[in-house]
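The structure appears below as structure tokens.
The values are calculated or read from the model by the stated rules, or taken from the named source; none is laboratory data. Since the model is a prediction, treat every value here as computed from it, not as a measurement. Here the Cβ positions follow ideal geometry from the backbone for every residue, glycine too, while neighbour counts run over all protein chains shown. To get the accessible areas, we keep the full protein, side chains included, count just its heavy atoms, and leave off ligands, DNA and RNA. Shrake-Rupley method; radii C 1.70, N 1.55, O 1.52, S 1.80 Å.
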Amino acid sequence: MIRTSLGGDAGRRARLRGRYAVVIGAVAVLAAAGAMALPNTASAATTLGASAAERGRYFGTAVAASKLSDSAYTTILNREFNQVTPENEMKIDATEPQQGQFSYGNADRIVSHARSQGMQVRGHTLAWHSQQPGWMQNMSGSALRQAMLNHVTQVATHFRGQVTWWDVVNEAFADGSSGARRDSNLQRTGNDWIEAAFRAADAADPNAQLCYNDYNTDNWNDAKTQAVYRMVQDFKQRGVPIDCVGLQSHFTGGSNYPSNYRTTLSSFAALGVDVHITELDIRNAPADAYRNVTNDCLAVARCKGITVWGIRDSDSWRSGESPLLFNGSGGKKAAYDAVLAALNSGTGPNPTTTPPGGGNPTTPPPTTTPPPAGSCTTSITPGTVWGDRYNTSVTVSGASSWTVVVAVTSPQQITTTWSGSASLASNGTVLTMRSNGSGSTFGFTTMTNGNSGARPQIRSCTAG
């Protein structure tokens with residue numbers, strides 16, 4: 001492969017920027033045709049992919065090779081999306097079922113279909129503790145490390161030039177409050193295994209963008225999110241080749257969609273990496289939640305796009321929860337309309353700032369407006385989610401004595417409160433909570449009553 005004269009990380013970034021600009025330009029041309037489908041109307045795009053491309057982004061979906069023969073499935077796929085992620089066909093058990101014997105048929109089929117439609121491809125995934133074939137599950141130590149690196153090299157080489165992004169490593173951090181790495185056979189080969197995988201992928205496919213992908217990393221305050229952030233920060237500081245972070249964002253609705261989601265996106269972006277929403281699905285597909293996710297991505301310059309994890313509800317791994325934008329018959333749901341409207345109302349990526357002397361562009365730091373006199377500030381932390389209700393905590397800053405007004409969306413109802421003096425409006429949708437000496441944090445339980453997507457909103461915080 002011919003390389004440019006630029007060397008090291010700077011050269012690699014220059015090659016990536018050039019390739020990415022070409023790909024986005026090509027997708028935007030295709031999108032323009034879709035945007036002109038309705039004569040004598042404004043130029044608002046009529047499909048998800050076309051609208052996203054107009055804003056320099058993608059809107060994609062997970063694809064199963066077995067469904068490419070379903071004409072109803074491919075009609076929606078080809079019409080609506082400009083990016084695809086193979087659902088299972090690029091995972092380790094599919095691509096190397098026997099050690100040293102590689103099988104690419106179904107993955108090649110998806111990639112060929114995507115490229116024939118002008119869609120970008122996300123490679124998913126090169127190194128993962130799960131869906132390992134039996135031969136890999138039985139390995140350990142240096143033998144496993146070498147087998148993992150060989151797998152990364154062989155698969156990335158096979159698809160070199162066809163994949164825009166690689167999920168190089170998937171789900172390597174543990175859930176819970178420890179912030180630790182997941183205990184897996186790969187982790188037990190040495191703490192540097194993630195770095196080694198990224199370096200192998202970079203050597204095998206130097207023009208692809210390399211991502212770390214995980215779930216339950218949506219809430220900025222969570223220990224797992226912070227642990228991933230520290231790893232990415234360390235990689236960037238030491239020159240480990242990482243270009244992007246993927247947030248899977250499998251939401252259950254209600255307060256599971258955190259109020260600080262945009263903060264998470266912008267905080268990773270500020271490290272000099274792109275951010276991607278890679279596996280989005282939301283229980284019962286509430287329009288508000290889908291709209292909020294879309295708006296949060298559009299508000300962060302380096303949020304490059306959204307991928308929903310399936311097309312129709314019947315295609316979803318969570319099919320019983322109806323979490324996608326199309327129903328089982330292929331009909332557009334209210335969430336689809338909400339996402340398309342949000343995309344069409346959005347703008348292109350925000351201006352970026354280049355540090356003195358060059359380097360990666362970064363999102364301009366957010367500005368903070370001091371609260372007016374007599375006010376205080378609040379932060380919302382999602383709590384436990386059950387099938388019919390969820391908990392929320394609110395922390396107040398800037399005052400020792402305060403009154404906070406919180407609202408939920410009907411038919412949701414606040415039913416239980418703690419750590420404050422509470423009064424509820426008659427329909428249970430508005431809570432006024434006053435400090436009572438029990439601290440700066442209070443909480444409440446909300447019954448969803450069939451609306452699991454909306455989240456609580458702070459109307460006011462008053463000191464005194």
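Odds and ends about this structure:
- Here residue 184 and residue 319 are evaluated by their C-beta separation; at R0 = 35 Å the FRET efficiency comes out at 0.80.
- Rolling a 1.4 Å probe over the protein heavy atoms gives region 179-327 an accessible area of 27 Å² per residue.
- Legend: calculated FRET efficiency, residue 430 to residue 160, from the Cβ-Cβ distance at R0 = 60 Å, rounded to 0.05, equals 0.60.
- Classification of region 373-464 by its C-alpha gyration tensor yields a prolate form. The axis ratio a/c (a ≥ b ≥ c) is 1.5 or more, and a/b outweighs b/c.
- 5 angstrom amide H check on residue 58, placed H, neighbours 5+ away: 305, 306
- Full extension of the chain between residue 177 and residue 237 gives 19.1 nm of extra length, using 0.36 nm per residue less the Cα-Cα distance.
- Formal net charge of residues neighbouring residue 72 (Cβ-Cβ distance under 15 Å; K, R +1; D, E -1): 0
- For the peptides 276-282, 458-464, the ranking by mean Cβ contacts within 10 Å, running from highest to lowest, is 276-282, 458-464.
- Accessible area of region 215-303 belonging to carbon and sulfur atoms, whole % at 1.4 Å probe: 39
- Here region 205-322 is treated with +1 on each Lys and Arg Cβ and -1 on each Asp and Glu Cβ, and its dipole about the Cα centre works out to around 280 debye.
- Taking every Cα-Cα distance in region 90-248 and sorting them into 10 Å bins starting at zero, the pair-distance distribution P(r) comes out as 11, 40, 36, 13, 1 percent.
- Mean accessible surface per residue for region 397-450, computed with a 1.4 Å probe while every protein chain stays in place, in Å²: 44
- Packing-based order for 405-416, 303-314, using average beta carbon neighbours within 10 Å, highest first: 303-314, 405-416
- Total formal charge among the other residues, if their Cβ is under 13 angstrom from that of residue 271, Lys/Arg +1 and Asp/Glu -1: +1
- Near residue 454, the amide H atoms lying under 5 Å from its own belong to 254; only residues 5 or more places off or on other chains count, and H is placed 1.01 Å from N.
- Subtracting the Cα-Cα distance of residue 108 and residue 345 from their residue separation scaled by 0.36 nm leaves 81.7 nm.
- Packing-based order for 376-386, 192-202, using average beta carbon neighbours within 10 Å, highest first: 192-202, 376-386
- The slack in the chain from residue 388 to residue 78, taken as 0.36 nm per residue of separation less the alpha-carbon distance, amounts to 108.0 nm.
- Förster radius 25 Å - calculated FRET efficiency between residue 415 and residue 337 (Cβ-Cβ, nearest 0.05): 0.20
- Cα Rg over Rh - region 68-170, Kirkwood: 1.02
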